[in-house]
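Reading through the structure tokens given below for one structure.
Here, each number is a calculation from the coordinates, and none is a lab measurement. Everything numeric here is computed off the predicted structure, so don't read it as measured data. A quick note on method: Cβ atoms are made from the backbone with ideal geometry, for glycine too, and the neighbour counts reach across all protein chains shown.
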Amino acid sequence: MYDFDVVKPATVAEAITALGQDEAQPLSGGQTLIPTLKARLAMPSVLVSLSGIEEMRGVRMGDDGQLCVGGGTVHAVVAKEAQAHYPGLAGLAARIGDPAVRNRGTIGGSVANNDPSACYPAAVLGSGATVVTNAREIAADDFFEGMFATALDEGEIVTEVRFPIPEKAHYEKFIQPASRFPLVAVFVAKFADGVRVAVTGASEEGVFRWSEAENALSGTFNVEALSGLSLPGDSMISDLHGSGDFRAHLVAVMTKRAVGALV
Amino acid sequence: MTEVKMTVNGKPASGAVEGRTLLASFLRDNLSLTGTHIGCDTSQCGACVVHVNGEAVKACTMLAVEAEGADVKTIESMANPDGSLTVIQQAFQDHHGLQCGFCTPGMIMSASSLLKDNPKPTEAEVRHYLDGNICRCTGYHNIVKAIMAASGQDVSALAAE
């Protein structure tokens, strides 16, 4: 790693001030950023550590019935504390990476990074959640803008994610065993007024909604409703782990399995 | 350089570190606690697992300055005060849960976290929990067996493979 300074603000306001410095970058759990720094793929002069900011941690039910997860909340805490309110989300959090990663990695870090194969973006988009930053609230549909790209401005951080709670939801992933990221994974959430299907790991554009499957499932919520539906492989990621066609095939299979787990 | 202070294995520890100094490096190079191994240095292998405030973390993927004020426990704190092995360590010895031993500190630290949360895990739960700990010698059979035995379960039906 190139060397850098680390500052440890205690409040969001102090963090935003610190992020105003030249070449400053936020550090949340560091489970992606630290390996990235080791590979010398980034060269910040200052890392602004968010892990000491108490107001960004924790899981609570909001007055409007939404589940509010602080941006600095680690996956292991979401796995435990969201279980009673939103088991589909807790189940996803409980299977990110491995236990040690889940004790450090945070939801805010994951959605801000928007790795095309990360788990959380599928839950955020699939739930129609709201991403809350220090400056504004952004609907999930407007937040994810492509591979490693989000609506966040320079120096803006994710302070909370607010999840509407569906009637039921399930996350099904096909693990790429070397990285333990999903090769392809699908989050299906059934709300009273419709179904959302979010896919991660597959597209060159990062997480996306499979609207054809959403329409079919909103009509009839069962596995048969998906029969015959497919996605083109040419817009999918194609690498040594799997071709675009294979990933497109997996999207349909994972969606069916997710629905199968819910009916 | 920044001065960091933490509690390591029950004793106060401090030292001057760079921003980029990893907790694993601080433990090994500043404190000479070389039981925490660095295997892959890419967050994959788990040989560097230590407990920070009671939770298993990969010491190669946490900055030393982030552990300021924390209670850190390493493999060196695992044995009983008289030097005898704890139940988990003894089970690894009894069931041949290691060959070269490089991954063992991380395996033991992860196993103790697992058994704290889940005192009687199933074989599947043990295997799932060890997702982030890689052994390149023995395969995992005897490691899983050792952890099952350490939880007080009968492992005689787990045939050697």
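I'd like the distance between the alpha-carbon centres of segment B:97-161 and segment B:1-28, rounded to an integer number of Å.
Between the Cα centre of segment B:97-161 and that of segment B:1-28, the gap is 29 Å.
If only Cα atoms are counted, what is the Rg of chain B, and what is its Dmax, in Å?
15.9, 55
I'd like the Karplus ³J(HN,Hα) series for segment B:33-39: coefficients 6.51, -1.76, 1.60, θ = phi - 60°, whole numbers in Hz, and an x wherever there's a Gly or Pro.
After applying 6.51 cos²θ - 1.76 cosθ + 1.60, I find 8, 8, x, 6, 8, 10, x Hz.
How large is the helix-only mean residue ellipticity at 222 nm for chain A, computed as the sum of -39500 (n - 2.57) over DSSP H runs with n ≥ 4, divided by its residue count, in deg cm²/dmol to the nearest 500?
My calculation for chain A gives -7500 deg cm²/dmol from helical runs alone.
If R0 is 41 Å, what FRET efficiency do you get for B:ARG136 and A:GLU23 from their C-beta distance, rounded to 0.05?
0.60
Direction-averaged shadow area of the convex hull around the Cα atoms of the protein assembly as shown, nm²?
21.4 nm²
As a footprinting exposure proxy, order A:SER211, B:SER110, A:SER45 by other Cβ within 10 Å, with the fewest listed first.
Ascending Cβ contact count within 10 Å gives the list A:SER211, A:SER45, B:SER110.
At a 10 Å Cβ-Cβ cut-off, how would you order B:CYS45, B:CYS60, B:CYS40, A:CYS68, fewest neighbours first?
B:CYS40, A:CYS68, B:CYS45, B:CYS60
Would you mind checking the pairs A:LYS8/A:LYS168; A:LYS8/A:LYS190; A:LYS190/B:LYS116; B:LYS11/B:LYS58; A:LYS80/A:LYS256; A:LYS8/A:LYS80 and listing those with alpha carbons more than 29 angstrom apart?
Over 29 Å apart, Cα to Cα: A:LYS8/A:LYS168; A:LYS8/A:LYS190; A:LYS190/B:LYS116.
So if I place +1 on the C-beta of Lys and Arg and -1 on the C-beta of Asp and Glu, and nothing else carries charge, what would the dipole magnitude of segment B:2-77 be about its Cα centre? I want it in debye, nearest 20.
With only Lys, Arg, Asp and Glu charged at Cβ, the dipole is about 120 debye.
Can you give the local net charge around B:VAL8? Use residues other than it whose beta-carbon is closer than 11 angstrom to its beta-carbon, Lys and Arg +1, Asp and Glu -1.
+1
Using DSSP to define loop residues, name the trypsin sites (Lys or Arg not before Pro) in segment A:33-88 whose beta-carbon has at most 14 other beta-carbon atoms within 10 Å.
Listed in order of number, the matching sites are A:ARG40.
Using the Karplus curve 6.51 cos²θ - 1.76 cosθ + 1.60 with θ = phi - 60°, what ³J(HN,Hα) values do you get for each residue of segment A:168-175, in whole Hz, with x for Gly and Pro?
So the Karplus estimates, Gly and Pro as x, are 7, 7, 8, 10, 10, 10, 9, 7 Hz.
Which whole number gives the average, over all residues in A:89-100, of C-beta atoms from other chains lying within 10 Å of the residue C-beta?
5
Label segment A:5-49 by shape, choosing from rounded, prolate and oblate, from the square roots a ≥ b ≥ c of the eigenvalues of the Cα gyration tensor; if a/c is under 1.5 it is rounded, and otherwise prolate applies when a/b is larger than b/c, oblate when it is not.
Judged from the Cα gyration tensor, segment A:5-49 comes out oblate (a/c at least 1.5, b/c at or above a/b).
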